Amino acid sequence: MFLAAGLAVAAGFGASPEIDVESVALGGLASLSVRCEVRGASVWVDNQLRGSVPIDVAGLQPGSHLVVIEAPGYYDTILRLTLAADTKTTVTATLERRTGFIDVRSDPPDATVIVDGEEYSTGTIEVPAGMQTVVVRAFGYRERYFSIRVPERLVVTLDAVLEPAPFEAEGFRVSTERF
């Protein structure tokens, strides 16, 4: 019996998927299971959308099949698999997020940078590719908001000069007990 699963193309630059093959009685057909850590990732087999992960595709003809696993914001995983008769092939993929970098420089230099609710120090930050809202703040300064497009695998430089905030005090009361 020929048990095979060949990897022809892997788009993206993440880890190669794990492929397990087991012998099962399927009446001469093949079965494919696809698993992935990104819930809802779409699975295409031979250019036909079969559903989303986790998914089991039964009744496949033995032979070569093109499998594509895709999710928004991630690089596709593309596999050319050779499925043998009476086998169940399980593919476990790890999709790599499409990212870019923001090099944040600020005045004052000790500012805090916030992207997607995460706080960072100034410097180079890896973030999802696409439009990002960046907040730069420092004590005693007015915070600034920036909307920038981060291209995949490239670096965008953001120079943030913060304006000093006026001194304000409010909510004070005079207590007669303290006088």
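Step by step: first the residues of region 58-84, then only those that are part of a loop (DSSP other than H, G, I, E, B) and farther than 22 Å from G130 by Cβ, then the one that is least open to solvent (accessible area, probe 1.4 Å). Which residue is that?
A84
The residues in region 134-144 that are over 13 Å from V115 (Cα atoms), of a type outside the set (A, V, I, L, M, F, W, C) and open to solvent by 90 Å² or more (accessible area, probe 1.4 Å) can be counted, and the count is 1.
Do you know which of the residues in region 145-179 that are among the hydrophobic types (A, V, I, L, M, F, W, C) and part of a strand (DSSP E or B) is surrounded by the most Cβ atoms within 10 Å (Cβ to Cβ)? Applying the filter and picking the extreme gives V150.
Candidates are the residues of region 130-157 that are among the charged types (D, E, K, R) and within 20 Å of the chain's Cα centre (by Cα); the one that is modelled with the highest pLDDT is R149. Residues that are in contact with a strand residue (DSSP E or B) (Cβ under 8 Å, 6 or more places away or on another chain), aliphatic (A, V, I, L, M) and open to solvent by 40 Å² or more (accessible area, probe 1.4 Å) are absent from region 97-110 altogether.
Out of L49, L32, L26, one residue alone is out of contact with any Lys or Arg (no Cβ under 7 Å at 6 or more places or on another chain), open to solvent by less than 20 Å² (accessible area, probe 1.4 Å) and not polar (S, T, N, Q). It is L32. Might you let me know whether region 38-48 holds any residue that is out of contact with any strand residue (DSSP E or B) (no Cβ under 9 Å at 6 or more places or on another chain), part of a strand (DSSP E or B) and either at negative phi or free of Cβ contacts under 8 Å to residues at least 12 places away in the same chain (or both)? Among the residues of region 38-48, at least one is out of contact with any strand residue (DSSP E or B) (no Cβ under 9 Å at 6 or more places or on another chain), part of a strand (DSSP E or B) and either at negative phi or free of Cβ contacts under 8 Å to residues at least 12 places away in the same chain (or both), which makes the answer yes.
The values are calculated or read from the model by the stated rules, or taken from the named source; none is laboratory data. This is a predicted model, so every value here is computed, not measured. Cβ: placed from backbone, ideal geometry, glycine included. Neighbour counts: every protein chain shown. Heads up: the accessible areas ignore ligands, DNA and RNA and are worked out on the full protein's heavy atoms, side chains in. Shrake-Rupley method; radii C 1.70, N 1.55, O 1.52, S 1.80 Å.
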